[in-house]
1. Under 37 °C and 0.692 mPa s, how fast does segment 7-62 diffuse according to Stokes-Einstein, given a Kirkwood radius computed over C-alpha pairs? Answer in µm²/s, whole number.
2. I'd like the FRET efficiency for residue 34 and residue 10, computed as 1/(1 + (r/R0)^6) with the beta carbon distance as r and R0 of 25 Å, rounded to 0.05.
């Protein structure tokens with residue numbers, strides 16, 4: 001039962017990361033990567049930094065052309 005909850009949590013986190021990447025792309029367009037990198041460098045904790053790195057990686061799956 002414990003392994004199932006880990007998979008569900010990872011799936012929910014992946015969906016949240018993609019959602020955040022979409023929001024960044026909508027808000028900042030082609031400069032979303034720069035804003036995300038700025039957040040990574042100024043993150044107050046390691047957990048925040050890891051989350052922002054995941055979002056930065058997910059931005060590759062959200063091209064600018066799809067939002068126009």
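1. Working: Rh = 11.3 Å.
My calculation gives 291 µm²/s for D.
2. Approximately 0.35, to the nearest 0.05.
Just so you know, all these numbers are worked out from the coordinates, no wet-lab data involved. Just so it is clear, the structure is predicted and the values come from calculations on it, not from any experiment. Positions of Cβ are generated from backbone atoms using ideal geometry, with glycine treated the same way; all protein chains shown enter the neighbour counts.
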